[in-house]
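Below: the structure, in structure tokens.
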Amino acid sequence: MLFNNNKGYIGQSRSARSEKAIESNEVPLNQITRELINEVIDDLVAKEHVDETKEEWLRAVPVYVWKEQLPTSWHHTGKYFKKTDHYDLPLYAQEFLDDPSMVTNTIKDHKQMLSEQKQEQIATEQQYEIYYYEKDIWGGTRRHPKIVGTEYGYGVAKSSSSQLYPVVVEGDNYPNKSYYSLFGNYIKTTQYSSYLELIKDHREFKSTKLKLNKTLKSLNVTPLTLSQEKERFNKENEGAY
């Protein structure tokens with residue numbers, strides 16, 4: 001075993017106390033693996049500290065449960081003497097057996113955290129696309145139909161949907177449908193990644209965010225806030241100049 005010039009230190013990696021703790025399966029967080037956990041359980045079985053039922057239950061405890069327990073000690077590691085938390089796996093195994101609610105509560109809290117993270121992610125992801133459109137309006141008679149004007153404005157479509165719902169219609173007041181097909185005849189569209197991107201090209205729609213929000217809510221889609229729009233807009237335009 002190689003010691004360096006720092007008393008009680010092994011090489012450049014860790015203190016002698018850290019090394020001793022690791023030998024007893026009290027390890028840093030990054031060393032907690034399924035393989036090591038199983039070795040700890042194997043040792044408990046060999047010492048007849050757990051029966052077959054308890055062994056099976058312990059092996060089913062997710063790795064993240066072991067990792068989310070409070071550290072039991074800290075020791076210096078690395079050449080800069082960093083204080084590193086260590087986690088006593090045999091101790092946790094015994095505590096889990098004595099109080100199974102430690103495991104169930106950790107799993108419950110973990111699932112709740114994942115659910116909240118997912119909701120936050122959904123809330124900050126744009127679930128719709130914005131389009132500027134021009135749509136020919138047909139009139140005349142059944143025998144002699146003709147284009148009598150053009151409806152133009154902007155609308156929204158749910159992500160992965162071809163139905164375009166008008167938000168603001170400009171130009172002549174022709175009656176428009178509740179939605180158009182993005183792939184229909186006599187319609188031209190330009191897609192924009194965000195509302196801010198739209199009004200960058202079409203200033204006439206600058207004060208229509210409330211109308212956009214209302215349309216999206218009618219489609220059961222959560223609109224991005226202006227701050228979320230700005231953050232997304234800035235990220236998309238990083239390095240553009």
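The values are calculated or read from the model by the stated rules, or taken from the named source; none is laboratory data. Nothing here was measured: the structure is a model prediction, and the numbers come from that model. Using ideal geometry, Cβ is built from the backbone for each residue, glycine included, and neighbour counts are taken over all protein chains shown.
Below are the figures for this structure:
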| quantity | calculated |
| --- | --- |
| Condition met for residue 33 (of a type in the set (Val, Ile, Thr), farther than 17 Å from residue 100 by Cβ and in contact with a Lys or Arg (Cβ under 7 Å, 6 or more places away or on another chain)) | no |
| Meets criteria (at pLDDT below 90, touching a strand residue (DSSP E or B) at 6+ places or on another chain (Cβ under 9 Å), surrounded by fewer than 16 Cβ atoms within 10 Å (Cβ to Cβ) and under 16 Å from residue 161 (Cα atoms)) for residue 193 | yes |
| Boolean, residue 20 is in contact (Cβ under 8 Å) with a residue 40 or more places away in the chain, part of a helix (DSSP H, G or I) and more than 34 Å from the chain's Cα centre (by Cα) | no |
| Filtered residue count, segment 43-70, keeping only those that are at pLDDT 90 or above, in a loop (DSSP other than H, G, I, E, B) and not aliphatic (A, V, I, L, M) | 4 |
